[in-house]
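The values are calculated or read from the model by the stated rules, or taken from the named source; none is laboratory data. In this text, all values refer to a predicted model and were calculated from it rather than measured experimentally. So basically every Cβ, Gly included, is an ideal-geometry build from the backbone, and we count neighbours across all protein chains shown. What goes into the accessible areas is simple: the full protein's heavy atoms, side chains included, and nothing from ligands, DNA or RNA. Shrake-Rupley method; radii C 1.70, N 1.55, O 1.52, S 1.80 Å.
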Amino acid sequence: MRKRRSAEVYTFNMDENQDRAKESLIEELEFLRDRIKKLEQTEIEKEVDANLITGVLDRSHDAMILLDTEDRLCYINDEARHIFNIRNEAMGEIFWAIYPKSTTSIFYKEYFRAKQDKKFIRLVEHIHAQNKWYEVHISPASNGTLLILYDITSRMHIDEIIRLVHYTINNYSDAVLWVKPNGRPFYVNRATIGYLGYEYNQLLNMRIFKLIPDFSEEYWPKIWKTIKDKKHIEFESVLQNMEGKAFSVDISCDYINFFDKEYICVNIHDITSRKTIMDELAKSEEKYRELVENANSMIVRMDVNGNINFFNEFAQNFFGYKKEEIIGKNILETIVPETSSKKEDLRSKIRYVIQHIEEYPHMENENILRNGERVWISWTNKAIKDSKGDIVEILSVGNDSTELKRYQDELEKAKTQAELYMDLMSHDINNMNQIGIGFLELALETQGIDENVKQLLLKPLDVLRNSSYLIQNVNKLQKAREGVIRKESVDLEKLLKEVISRYTHIARREVRIEYSSEQGCTVNANELLLDVFTNIISNSIRHSTGPLAIGVQMSKIQEGETEYCKVEIEDNGPGIPDDVKDRLFDRMRKREAKIAGKGLGLYLVKALIESFDGKILVEDRVKGDFSRGCKFIVLLPAVKDAV
């Protein structure tokens with residue numbers, strides 16, 4: 001601001017001598033003129049200086065604001081105008097009214113504290129509009145206050161990085177030490193304290209030689225020079241903590257020159273667990289090698305082309321090859337014959353298997369020994385992959401199945417022969433039975449036949465019928481075992497009513513069958529389920545005399561997570577003794593049962609029910625008294641969501 005020029009007062013004395021007075025007046029005027037010129041020149045220079053200073057301040061990268069004692073804006077440079085978004089015509093206005101956002105900041109509070117205390121204050125302020133950090137200098141004076149804001153955003157970022165680096169190193173899981181040329185640590189992080197057990201100040205007063213025995217005091221200068229020349233070295237070592245406990249470590253050392261100050265950064269990584277695992281792995285590999293070499297199975301490792309990389313001792317002895325004769329050779333040229341016994345192209349098949357090994361985890365094929373003998377081997381295959389998931393090797397474990405294959409072939413032949421006999425029995429013998437039954441029935445229908453003769457004819461007729469019934473049961477049992485009849489949903493209530501309808505009128509017998517059900521039930525079975533309940537009810541009738549009452553009841557029960565359709569068939573016949581119940585469904589002991597003739601029939605019943613994933617039980621109709629009749633309980637899994 002320009003200062004007012006102070007007035008200067010001059011006094012003139014008039015002499016009687018006019019000439020002298022005139023001369024004096026002229027001299028005074030000349031002096032006054034010179035003085036005026038000098039004052040005018042000074043004002044011009046001051047104006048030039050003020051403009052120069054204003055121009056310099058406006059071009060400054062630091063924000064500058066001058067407020068008077070009433071906080072009115074007297075001066076603001078371009079940088080400050082940009083920061084606070086203040087227009088040119090705001091000069092003379094109160095700053096806090098121009099920039100109201102600052103009234104909630106520390107800057108606002110500290111400004112008035114500086115004015116009140118008449119002391120310089122420095123603070124750091126974040127201006128959200130610019131998203132920058134500033135160091136604010138508040139300089140109060142008697143006639144106003146100068147504010148200067150220095151942009152320190154970059155410095156704050158660097159400080160944050162330094163703090164982050166320090167925090168990272170200090171919380172790093174490995175021990176970190178910065179060592180000076182004299183061998184004393186300049187800095188250690190928390191992990192160093194944890195590893196070694198010493199306090200921070202203790203570590204700073206120790207020498208590196210005591211902490212790391214590989215760094216001896218005698219050779220320290222040479223060690224320092226080596227690290228300095230190589231910039232980086234690594235080695236394994238064993239350290240001891242303050243309590244004397246040893247632990248294995250990896251140590252890396254890096255040379256650092258920071259503003260002409262030299263340091264070595266030592267990084268210590270605890271590898272005790274890794275060493276323990278590696279030792280255990282080495283022992284495990286030794287055991288694995290011993291196991292593989294002494295295994296009673298052929299163990300072969302090959303590449304993706306079938307070239308053999310490993311052939312254990314058992315495989316060498318089995319195939320007749322020495323290790324040096326087989327390693328590196330291809331299996332197609334050594335242990336796989338060109339064709340199978342059935343003249344199939346076996347090598348092409350095995351070549352395809354190798355290319356698609358994951359599709360063949362188990363397989364059985366012919367192989368060939370070195371002497372030309374053919375054998376059957378059951379192989380278990382495993383693809384070995386690298387970190388990218390690509391197959392790099394194939395591991396195959398084989399067991400000699402030649403004898404098993406021979407037994408299977410013999411069993412297949414026996415099965416074929418049994419099926420031939422079954423076919424013979426089912427058709428030829430059954431046809432002969434039907435012819436005999438036909439002639440006997442014709443004979444029984446002859447007029448006036450004697451009763452004794454009639455009884456003689458009934459006996460062979462009954463035998464032939466039982467023979468045909470046996471053949472039918474065997475045929476059904478075979479179908480149940482082989483699963484040749486497709487299962488489907490069966491309405492159990494409808495089936496039971498059909499079975500009961502077959503026994504409504506029995507010649508020369510008084511038989512009453514009562515049926516009840518709580519609700520309908522559907523099971524997964526086939527047409528043979530009809531034989532199950534027919535067999536049970538017919539047995540009750542055949543192996544009883546006199547009037548007979550049979551009760552059939554159907555319900556649903558829950559056992560664990562399975563819902564069953566439960567069918568109970570009870571009668572008041574002679575019952576089944578307890579010692580017979582345990583072997584009732586055992587075909588091999590049928591002759592011991594008092595209910596002779598039931599053997600295969602009930603064996604068939606049990607076999608059929610088990611083929612439907614069901615269960616059958618037998619118990620007394622009246623608990624504890626077998627003589628008052630028996631009860632058969634059949635449980636079959638209910639079809640879900642079926643009514």
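Summary table below
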| quantity | calculated |
| --- | --- |
| Subset of Lys180/Lys231; Lys287/Lys323; Lys497/Lys581; Lys132/Lys261 violating a 23 Å alpha-carbon distance limit | Lys497/Lys581; Lys132/Lys261 |
| Label zone at Glu325, where the point sits 7 Å out along the Cα-to-Cβ direction: segment 371-410 residues whose backbone N lies under 17 Å | 371-375 |
| Residue pairs, from the table Lys494/Lys566; Lys283/Lys329; Lys245/Lys275, whose Cα atoms sit over 20 Å apart | Lys283/Lys329 |
| Segment 216-251: chymotrypsin sites (Phe, Trp or Tyr not before Pro) in DSSP coil with no more than 15 other Cβ atoms inside 10 Å | Tyr219 |
| Estimated distance in nm for a label pair at Trp178 and Tyr352, the labels positioned 7 Å out from Cα along Cα-to-Cβ | 7.0 |
| Carbon and sulfur %, accessible surface of segment 178-299 computed with the full protein complex present, 1.4 Å | 53 |
| Chain lengthening between Lys413 and Ile368 when straightened (0.36 nm per residue, less Cα-Cα) | 13.7 nm |
| Net charge over other residues, Cβ less than 13 angstrom from the Cβ of Leu281 (K, R count +1; D, E count -1) | +1 |
| Selection of trypsin sites (Lys or Arg not before Pro), segment 325-392, meeting DSSP coil and at most 10 other Cβ within 10 Å | Lys342, Lys343, Lys388 |
| Dimensionless Rg over Rh [segment 294-391; C-alpha; Kirkwood] | 0.95 |
| Loop sites in segment 198-272: GluC sites (Glu not before Pro), DSSP, at most 16 other Cβ within 10 Å | Glu199, Glu217, Glu218, Glu243 |
| Segment 439-572, relative contact order [Cα under 8 Å, separation at least 6], % | 21 |
